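The values are calculated or read from the model by the stated rules, or taken from the named source; none is laboratory data. Because the structure is a prediction, the values reported are computed rather than measured. Reconstructed Cβ throughout: ideal geometry from the backbone, glycine too, with neighbour counts over all protein chains shown. Just the protein is used for accessible areas: all its heavy atoms, side chains included, with ligands, DNA and RNA removed. Shrake-Rupley method; radii C 1.70, N 1.55, O 1.52, S 1.80 Å.
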Amino acid sequence: MTSVLSTIDKPLTETGGNRQVSWIGLIDPRIRILCAATFAVAVVACNDFLALSAAVVVAFGLLSVSRLPAMQTLKRVATMDSFIIFILLLLPFTVPGTQMFTLWGFPASWEGLWQAIEIALKANAIVLALMALVGTMEPVTLGHALHSLKVPAGLVHLLMFTVRYIDVLREEYLRLRQAMKARGFRPSTGWHTYRSFGYLVGMMLVRSMERSERILGAMKCRGFTGHIPLLDRMRFRPADALFAAGFCALLLGLAALEVTHGAI
Amino acid sequence: MHIVDGALSNPVVAAGVVLAVGGLAQGLRKLPMEKIPVAGVLSATFFVASLIHVPIGPSSVHLIMNGLAGLVLGWAAFPALFVGLLLQAVFFGFGGLTVLGVNTVVIAGPAVIVGLLLGGRIQNSPTRAAAIWAGLGGGLAIALTTAFVAIALALTGDEFLPAAKLVFLAHIPVIVIEALLTGAAVYLAKQVKPELFDDLQGAVR
């Protein structure tokens, strides 16, 4: 299930079992979500180089204990949107300040370079921590955890349905692509290609609609009344409290580094 | 187009969160439990569509198709696209956590605008006219998305202004491609299943 979403081969059970490969996976999912969120807010608030480097180290630490495939994950994180990389590369030339060097008559400033580095450090630290803490969860568990964190039921159900059908529809897409290939379709730049891709998306839309009608029919047949029960088997254990406390201590350490080092 | 954490100023991020929460609340209000399966399956469809890469010259772009999502889902496009962005951030590392609000407004906002502007026309027009309107809508959605990104960057600081302008120019081919694809998709959907748009307009909207 959800192989598109899985960043690791997890021993999944279709009902949303919560067996994980590392000890981080045993921590209460709600605690992991809250930790990732506080980490993100704390890191965004930091401006000091040392504090941000420490945050990146923390994120790498989380990545290594989460047992996500490191190379694969780092590659994913590194392939940021090309437009973000482009903006970061432009920053040294658009921020005024002490001149570093001149490229084709455009002066590059140290301040701009520092701002670009700061954004890159923040973005990577937060995304790595997010993937290590929350991305290791089974998507269904994420839904249940969000529900017990008081996210509206409608949104959680929408999330669950999306998670459930991403793989199904991806297979549908691959089947359609294979059928196109069998008929000699080779993508290139041109009206024919764009029209064919448009028809492909349109066909997926039609089939999805029909599929959802069948799903609703099947659900109604089993007594669906507009309410889906959410399993709520999460327990807050001493180990979770310990993890939360440890994580808070780390964040306080970051804050202390920011305050003491940044002030000098 | 995902903005990353740390790039935008705090007021912009906060405004993004507030707008996204408002949009989600409104979108969920238009989404009775009965319609969750349709919206969920379509949300998954648009997630898969965003993984499709379309060649453009020597390079390729991935689809966003938020205009089409708005035309099909109306207000419900907001929570549907939010779910996709959340999953992409958590499992793929695209975008970020604090900027999730901004990213949602940037992608889902134009979808809803296009849906409200053109949804009725798509529903009532004959196939060919509907396809042309949809093409306009698909292009408009990406143009608005790029403009929203540029506004978010410009509000953060003047140093992003040149980049924001260049990003907009660089996205003109993407606008054209999305317009063509959305038009073709609606053309086919109208022919194969004419009631597709009626069904959802009546219920989800």
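The largest-to-smallest principal axis extents of the Cα set in chain B are 48, 41, 29 Å.
Mean per-residue shielding of peptide A:188-197 is 5, counting Cβ atoms of other chains within 10 Å of each Cβ. Modelled spin-label separation between A:Q99 and A:M71, with each label point placed 7 Å from Cα along the Cα-to-Cβ direction: 4.5 nm. Post the alpha-carbon centroid distance, region A:38-101 to region B:15-34, in whole angstrom. Spelled out, the Cα-based centre of one part sits 30 Å from the other.
The charge dipole of the protein assembly as shown, taken about the Cα centre with unit charges on the Cβ atoms of Lys, Arg (+1) and Asp, Glu (-1), comes to about 1480 debye, rounded to the nearest 20.
So what does the Cα-only Debye profile of region A:152-221 read at q = 0.12, 0.16 Å⁻¹, as log10 I(q)/I(0), no solvent term? These q points yield log10 I(q)/I(0) values of -0.44, -0.69. Would you work out if region B:107-205 is rounded, prolate or oblate? Take a ≥ b ≥ c from the square roots of the eigenvalues of the alpha-carbon gyration tensor; rounded if a/c is under 1.5, else prolate when a/b is larger than b/c, oblate otherwise. Verdict is prolate for region B:107-205. Between B:A147 and A:W23, the modelled labels are 5.4 nm apart [label points 7 Å from Cα along Cα→Cβ]. Remark on the protein assembly as shown: Rg and Dmax equal 22.5, 72 Å (Cα only).
Within the listed set A:C221, A:C35, A:C248, the Gaussian network model of chain A (springs between alpha-carbon atoms below 10 Å) gives the highest mean-square fluctuation for A:C221. For the residues of B:173-182, the average number of beta carbons from a partner chain within 10 Å of their own beta carbon is 3. Using the 1.4 Å probe convention, the accessible area of region A:152-221 works out to 49 Å² per residue with neighbouring protein chains retained.
Note on region A:152-221: with neighbouring protein chains present and a 1.4 Å probe, carbon and sulfur make up 55 percent of its accessible heavy-atom surface. Computed 3J(HN,Hα) for region A:110-117, one whole-Hz value per residue from the Karplus formula 6.51 cos²θ - 1.76 cosθ + 1.60 where θ = phi - 60°, is 5, 4, x, 4, 4, 5, 5, 5, glycine and proline marked x. Its Cα centre serving as origin, chain B has a Cβ charge dipole (Lys and Arg +1, Asp and Glu -1) of approximately 440 debye.
Think of region A:152-221 as a dipole: +1 on every Lys or Arg Cβ, -1 on every Asp or Glu Cβ, centred on the Cα centre; then among A:M180, A:L216, A:V156, A:M180 lies furthest on the positive end.
For region B:56-205, the solvent-accessible area of protein heavy atoms averages 32 Å² per residue (probe radius 1.4 Å; ligands and nucleic acids excluded). Result for chain A in a Gaussian network model with C-alpha springs under 10 Å: among A:H157, A:H147, A:H192, the largest mean-square fluctuation is at A:H192. Nonpolar atom fraction for region B:39-153, defined as the carbon and sulfur part of the 1.4 Å probe accessible area, stands at 71 percent. For the listed residue pairs A:K75/A:K150; A:K220/B:K30; A:K122/B:K165; A:K181/B:K165, the alpha carbons are over 28 angstrom apart in A:K75/A:K150; A:K181/B:K165. Looking at the square roots a ≥ b ≥ c of the eigenvalues of the Cα gyration tensor of region A:28-184, which shape do they give, rounded for a/c under 1.5, prolate if a/b is larger than b/c, or oblate? It is oblate, given that a/c is not under 1.5 and a/b is not larger than b/c. Total buried accessible area between B and A, probe 1.4 Å, nearest 100: 6400 Å².
Summarised as an ellipsoid, chain A has semi-axes of 39, 31, 15 Å, derived from the eigenvalues of the Cα gyration tensor scaled by 5 and square-rooted, with the largest first. Label-to-label distance, A:C248 versus B:S59, with points set 7 angstrom from Cα along the beta-carbon direction: 4.7 nm. Our estimate of slack between B:Q191 and B:A170, defined as 0.36 nm per intervening residue step minus the Cα-Cα distance, is 4.2 nm. For region B:1-93, the gyration tensor built on C-alpha atoms gives an oblate shape. Its axis ratio a/c (a ≥ b ≥ c) is at least 1.5, and a/b is not larger than b/c. Taken about its Cα centre, region B:88-205 carries a charge dipole of about 300 debye when Lys and Arg each add +1 at the Cβ and Asp and Glu each add -1 at the Cβ.
Given a 10 angstrom Cα cut-off, can you work out which residue in A:I33, A:I119, A:I87 is the most mobile in a GNM of chain A? Looking only at A:I33, A:I119, A:I87, the largest GNM fluctuation is found for A:I87. When the charge dipole of region B:10-199 is built from unit charges on Cβ atoms (+1 for Lys and Arg, -1 for Asp and Glu) and taken about the Cα centre, the candidate among B:G139, B:A184, B:G22 whose Cα reaches farthest toward its positive end is B:A184.
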